[in-house]
Structure formats: structure tokens, C-alpha cells
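Following: one structure in C-alpha cells, then a few remarks.
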Amino acid sequence: MVIRAYGKFFDVQVQADSRVLLATIKGSVRRERLRTDLVAVGDRVWVTDVGEDEGQIELVEPRTRVLARLARNTRDIEQVILANPDQVLFLFAAREPIPHRRMLDRFLILAETQKLPALIGVNKMDLDQATDGRSVAEKTFADYVPLYDVHFLSLVTSFGVERLRTALAGKITVVAGPSGVGKSSLLNALDPGHDRTIGSVSDHTGKGRHTTIATQLYQIGPATFVADTPGIRSLALDAVPLEDLAQAFPEFRPFLGECFYSDCTHVHEPGCAIREALAAGTIAPARYESYAALRRGDTLDLAAAENLDGP
Ligand code: GDP
Ligand code: ZN
């Protein structure tokens, strides 16, 4: 498994003994793979041990899926951020920082368009405050519970961590979320053997960013990896084609094709099945608002998305 890339060099973790070899790519691999990055983090490769903890990559297994930056034109090489991701965990906090729902929607759309199953984590539940006997965070994220696997967590009390660990087992999970929500803390909780830098919210105002430039995989259990990829931030800034937008809202799907106009944008047309579902309470108002805002081309959310990074 390629767990880290440094230009032409790759850290390859050998399955048999978990040793990490610093590997280069054999010339024959080059000729076989033209339109994509030859080797990317997450690739399963066959490697020859050439001694002194160095290796040579002989063969790259076919990828099940890639998280890639879209090529700007057809001659471009696809830029792979992560090969073979199984799912993505979007981590937010109940408070500090206050969760930004539009940003979550934006990133769920990204996951849906990349056909990557999404999980949602809401950390810092120990800081959550109840109003009218109900948790503020549970209210904020209530719309998502029927749609996605939502994990309420506290890394301070370990609340929810074991259930999350079960959801990650045997998979490669990309973790992304705004600065300060607890991504590094989560990696440490899942894999106490490795010590990673945990910053305070105020440490994350910019300068520390260069510490997480490259995608890296951390093994947190047998065949279980968590990917730290700042690349998802730039991915999110790629445009999602407008015609794919409604499809990216899973609760809209049962109604698509039911509108009076076949090219309905679900914003102003009469006989719109989506807006009927909204009026009937089947679609949550805030989720519809997110859709409508993106459809109108509001770019407000993109500014907020700038604040998203990896662990
Ligand atoms: P990252 O920027 O997403 O990697 O966040 P960090 O893991 O660096 O955590 C940011 C801050 O939040 C640190 O001061 C952590 O100690 C704190 N923190 C992390 N998890 C929790 C939690 O569950 N509850 C509370 N109260 N603080 C937390
Ligand atoms: Zn419609």
C-alpha cells in the first residue's frame, strides 16, 4: 500500500510485515499508464525489496475508484489525490468552531458526485449545550441523520469513538473538515501509537498549513487506513455541473423525473415535485435552501470552504 508520496519517491507499506520501503517506479510501469498519475497514495502495488529499506514498484493494481482533481482539458493527466478511497468522513464540531451547514452540504455534494459514500462526524459533544432539553448539535444535524451515517463524538470523553471505529474497519477513509474540529485528535484517538501535532483552534489561522501538504495514509487497524488529504479542499472548489446538482441530494432522488417540466430546475417552475415534497415536509427546508443557493450560483459557500483542510 502506498502510504505517502514525495515526488518520484513513495513510502510503500508491505502487507506481510508492515515494513515501509522507500520506493521508486520501474520504467515498465511508466509505459502502461498514460492518462493518470502512475502511482498515488492509496494504490496497491507490487514492490521488490532492493535492500536498505528501499524498493522498486513493479506493478500497480487497478484502482477501484479515485479521488482526483478534474483535468482541465482532455490532454491533461488526471491528478490523483487518493487512489481507492472507500468513504469520506466529514468532521465538524458541536461548537468551537460553530458548524457551517452550507459547507457540509457543499462537501456532501462533492462526495455524491465522486460516488464516494459519506459519513458525518460531530465532535466536541462535551461542549454541546441543551436548549429545551434537546442538544443543539443534534438539532443542527437532525436533517442528515436519515440520509447519512452521523456519528456524534467527543474525543475528550471517548463518546462515540468505538462505534466510529467499527464504521471505519477494513476501509480507506478520507477525513476532512474545517480547522480546529479535532481531526488530528481523532487520528490520535484511533491510533494512540502515533503522535501527531494537535493545535489549538487559534493555531490554525494559516501558518501551520504547510505541515499537511501531502496526502498521507495512517494505518489504524488491520486493513484500515485513514487518509489525511488537504487536497479535498481544492477539489471542492471545482465546479459541480448544474445538471448534476439535484442528483447529489439523495432525498431529492425519489422525486426527480416527476416534475411537470422535464428540464425543471426546481427553483420557480409550476408542477415541481421537489417543491411539493418541500411543502409536504419530506425535504428539509435548509437542505432545499442549500440546493437553491448553489443553483443560483451563490459563491458564498466557497469562501467558507477555503477553511476546510485535512487532519
Ligand atoms: P484539527 O485542526 O481538526 O486537526 O483539530 P485538533 O485535533 O488540532 O483539535 C483542535 C482543538 O480542539 C484542540 O485544542 C483539541 O484539544 C480540541 N478538541 C479535540 N477534540 C475535542 C473534543 O471532543 N472536545 C473538546 N472540548 N475539545 C476537543
Ligand atoms: Zn422540479
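None of the figures in this text is laboratory data; all of them are computed from the coordinates on show. Everything numeric in this text was worked out from a predicted model, so none of it was measured. Neighbour counts run over all protein chains shown; Cβ positions are idealised from the backbone, glycine included.
Using the Cα centre as the reference, give the magnitude of the dipole from point charges on the C-beta atoms of segment 4-147 (Lys, Arg: +1; Asp, Glu: -1; all else neutral), rounded to the nearest 20 debye.
Rounded to the nearest 20 debye, it is 720 debye.
When you count the other C-beta atoms within 10 angstrom of each residue and take the mean per peptide, 277-287, 177-187, 112-122, 142-152 line up highest first as 177-187, 112-122, 142-152, 277-287. Ignoring lysines fewer than eight residues from LYS139 along the same chain, the ones with Cα atoms less than 22 angstrom from its Cα are LYS124.
Both numbers refer to the Cα atoms of segment 242-295; Rg and Dmax are 9.8, 25 Å.
Counting only residues at least eight positions apart within a chain, or on another chain, the lysines with an alpha carbon under 23 Å from that of LYS26 are LYS8. Protection proxy ranking for 103-109, 154-160, 167-173, using the average of other Cβ atoms within 10 Å per residue and placing the highest first: 103-109, 167-173, 154-160. Straight-line cross-link partners of LYS115 among the lysines, defined as a Cα under 18 Å from its Cα and at least 8 positions apart when in the same chain: LYS171.
Quick one: PHE249, PHE255, fewest Cβ neighbours within 10 Å first, how do they rank? Can you show the working numbers first?
Numbers: PHE249 23, PHE255 20.
Going from least to most buried by this count: PHE255, PHE249.
Fewest to most neighbouring Cβ within 10 Å: what's the order for LYS124, LYS8?
Numbers: LYS124 23, LYS8 10.
The most exposed by this proxy come first: LYS8, LYS124.
Using the Cβ-Cβ distance between LYS171 and ARG296 with R0 = 41 Å, the FRET efficiency computed as 1/(1 + (r/R0)^6) comes to roughly 0.70. Between ARG134 and GLU258, the distance separating the two model label sites (each 7 Å from Cα on the Cα→Cβ line) works out to 2.5 nm.
Across the alpha-carbon set of segment 2-62, the Rg to Rh ratio works out to 0.93, Rh being the Kirkwood radius.
Here the Karplus relation 6.51 cos²θ - 1.76 cosθ + 1.60, evaluated at θ = phi - 60°, turns the backbone of segment 52-60 into coupling constants of 6, 6, 10, x, 10, 7, 9, 7, 10 Hz, with x for every Gly and Pro.
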